[in-house]
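Inspection log for the structure reproduced underneath, given as structure tokens.
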Ligand SMILES: Nc1ncnc2c1ncn2[C@@H]1O[C@H](COP(=O)(O)OP(=O)(O)OP(=O)(O)O)[C@@H](O)[C@H]1O
Ligand SMILES: [Mg+2]
């Protein structure tokens, strides 16, 4: 069975896509990995596919949007494995085909419209409809035979916990939370963790039993009790003179996170560094751009590799 993890935080711009991309590439060095972009902003799709191929996917309707659209619009056929874009990372240039085992289901902007429509559509009794709307992604994984074809499935989630994110969590064994150690982001962590485990997960189980859904109708890829795999400190601000190497606010919040969440916080902190956005914009993880961009330092490569290894070790 593939190990599935959602990279998620209800806050925007905290490094979800950057982490999902690097973690997927890290895992794909040795395993078969499927990235699923379920964020309508489609940042991961644009990074991985480049503008031209991503546009082609949108024009042909080969995106994650179809999974959800099929629920709202009877004329849209529920998709199968055809929405998977195989080997997208620079594969058209054979000498750069470093990730033959890394595939993606891209997203498109319209996923946001579909999510609104989904909230206003109910088919069947209300409890059954609420269950159905949250397990579309798990059902799709069954149909696409994802468990047989992949070792890991990584979801890049939007900065929200609405229906689409809930679908990713319903199919995920784990969730991974990047957090900027500033005051506002740190304060939201406790609430977010309670929301995922106490509300979203618990509600799914309640719907399953209350509907009730026959065991044969529960998608094989539905997972109860999604577990926190890791909190990943991201974009910590450096301050040259400080003992910790970081600004006072980030040092204080990081210490607070470690005291409160102990080993859930990985040992490596991803600092705010030049080179990370640049390499991502080029469609490469930081460890593949050496020699291509002047600003990428070995320290940045080590930091990102260590963080990805630490998260990967928890996805068992
Ligand atoms: N360690 C870093 N150092 C500097 N810039 C970074 C770093 N990590 C990510 N960024 C940049 O910060 C911005 C936000 O990162 P990213 O898109 O990964 O966040 P996100 O949580 O996915 O955002 P959204 O909520 O909009 O999906 C991007 O421009 C990204 O390139
Ligand atoms: Mg993102």
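Some observations on this one:
- A Förster radius of 45 Å, combined with the Cβ-Cβ distance separating residue 113 from residue 316, puts the computed FRET efficiency at roughly 0.75.
- Shape of region 117-241, Cα gyration tensor, a/c cut at 1.5: prolate
- Taken along the Cα-to-beta-carbon direction at a fixed 7 Å, the label points for residue 205 and residue 78 span 2.5 nm.
- Region 1-107: relative contact order in percent, alpha carbon pairs under 8 Å with at least 6 residues between: 33
- The fraction of Cα-Cα pairs per 20 angstrom bin, counted from 0 for the chain, comes to 34, 57, 9, 0 percent, rounded to whole percents.
- For the pair residue 29 and residue 216, a Förster radius of 30 Å applied to the C-beta separation gives a FRET efficiency near 0.20, rounded to the nearest 0.05.
- Relative contact order [Cα under 8 Å, 6+ residues apart], region 211-281, whole percent: 37
- For the chain, the relative contact order comes to 25 percent (Cα pairs under 8 Å, sequence separation of at least 6).
- Helix 16-28 axis, angle to the chain major axis (alpha carbon atoms, nearest 10°): 90
- Per-residue ellipticity at 222 nm, computed for the chain from helices alone with -39500 (n - 2.57) per DSSP H run of at least four residues, works out to -12500 deg cm²/dmol.
- Were the residues from residue 120 through residue 238 laid out at 0.36 nm apart, the gain over their Cα-Cα distance would be 37.9 nm.
- Principal-axis tilt of helix 248-261 within the chain, Cα atoms, nearest 10 degrees: 50
- Result for the chain in a Gaussian network model with C-alpha springs under 10 Å: among 123, 266, 200, the largest mean-square fluctuation is at 123.
Readers should treat all values here as calculations from the given coordinates under stated rules, not as data from a laboratory. The structure presented is a predicted model; accordingly, all values stated were derived computationally and were not measured. All Cβ positions, glycine included, derive from the backbone under ideal geometry; neighbour counts span all protein chains shown.
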